[in-house]
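K.L.:
Below is a structure I'd like to ask you about.
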There are 2 protein chains.
Amino acid sequence: MTVKMDFDESAQMLKALAHPTRLHLLNLIREKHPCVRFMEESLGLAQPNISQHLSIMRQAGIVQAERDGNQVCYRIKNPRISRLLDILLD
Amino acid sequence: MTVKMDFDESAQMLKALAHPTRLHLLNLIREKHPCVRFMEESLGLAQPNISQHLSIMRQAGIVQAERDGNQVCYRIKNPRISRLLDILLD
DNA sequence: TATCGATATTCGAATGTATGAATATACAGA
DNA sequence: TCTGTATATTCATACATTCGAATATCGATA
């Protein structure tokens, strides 16, 4: 029962990671703690699209937003995620 | 370019992991090197459904099938996957 | 408070994924 | 070779995800 629960939670987290754009964003976020504008230029994608992906990762507890005046910057929220990214992207 | 490629590949691998049934199967597979019949009974799901999930993971290079007489047993193919599962499921 | 730049949300169409039901294939043993 | 057990594949339908376009919100500054 509890075990099954874990699979559900883990699967949901993985689903939120399982998109090339989101991995690309995470790779930026873990290195640079960037604001949305910066991510937009780095990836060359439309702002709403980036915001949508960030929203998915926020809801999944993967990243955390921090307002800095006019802008919003992101960081990795969960240390477990950092470890996963190390394995995935290095 | 190559970097973008990596995100694509990693995302595809994650997509193949991102399902509770598949995580449950992988948890069995990494511990017991089981055949399909065993997984079927352990999870209490229909055989075609299990086979479908195994097929997805085979195609993604996550698991490897080995025929043993009448049965087919599975094992984790990629050591990177083992490390991911350690982080995810422990 | 009006405006502007930055970010977020909503909606709809296209595409992708999950699952049950039916069926096919593979191998072992009679 | 026929039968039975184990596993894989196909198909159809329901459901979820993706992305662009349009629009809304938020905070800073004039």
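The values are calculated or read from the model by the stated rules, or taken from the named source; none is laboratory data. The structure displayed is predicted, hence computed values, not measured ones. Heads up, the Cβs are rebuilt from the backbone with ideal geometry, glycines too, and the neighbour counts pull from every protein chain shown. All accessible areas refer to the heavy atoms of the entire protein, side chains included, with ligands and DNA or RNA removed. Shrake-Rupley method; radii C 1.70, N 1.55, O 1.52, S 1.80 Å.
K.L.:
With a Förster radius of 35 Å, plug the Cβ-Cβ distance of A:Gln59 and B:Glu31 into 1/(1 + (r/R0)^6) and report the FRET value to the nearest 0.05.
P.N.:
That gives a FRET efficiency of 0.65.
K.L.:
Something else now. Of B:Phe7, B:His24, B:Gln47, which is farthest on the positive side of the dipole of chain B, counting Cα position, with +1 on Lys and Arg Cβ, -1 on Asp and Glu Cβ, and the Cα centre as origin?
P.N.:
Sorting the options by dipole projection puts first B:Phe7.
K.L.:
Per residue of A:19-30, how many C-beta atoms from partner chains lie within 10 Å of its own C-beta, taken as a mean?
P.N.:
For peptide A:19-30, the averaged partner shielding equals 4.
K.L.:
Size of the dipole of chain B about the Cα centre, Lys and Arg at +1 and Asp and Glu at -1 on the beta carbon, nothing else charged, in debye to 20?
P.N.:
Here the size comes out at about 120 debye.
K.L.:
For the protein assembly as shown, what is the charge dipole size about the Cα centre, in debye to the nearest 20, if Lys and Arg each add +1 at the Cβ and Asp and Glu each add -1 at the Cβ?
P.N.:
It comes to approximately 20 debye.
K.L.:
What accessible area per residue comes out for the protein assembly as shown, rounded to a whole number of Å², with a 1.4 Å probe?
P.N.:
On a per-residue basis, 55 Å².
K.L.:
Now, a different point. Provide, for the protein assembly as shown, the number of lysine pairs with alpha carbons under 28 Å apart, each pair being eight or more places apart or on different chains.
P.N.:
21
K.L.:
Grab the Cα-Cα distance for B:Gln47 and B:Asn78, subtract it from 0.36 nm times how many residues apart they are, and report the gain in nm with one decimal. List each step's numbers first, then the result.
P.N.:
Values: separation 31, 0.36 × 31 = 11.16 nm, distance 2.45 nm.
My answer for the length gained is 8.7 nm.
K.L.:
Accessible area lost on pairing A with B, both sides, 1.4 Å probe, Å² to nearest 100?
P.N.:
Approximately 2100 Å², summed over both chains.
K.L.:
Within the accessible area of the stretch B:2-89, what % is carbon and sulfur when the probe is 1.4 Å and the other protein chains stay in place?
P.N.:
Looking at the stretch B:2-89 in its full context, I get 45 percent from C and S.
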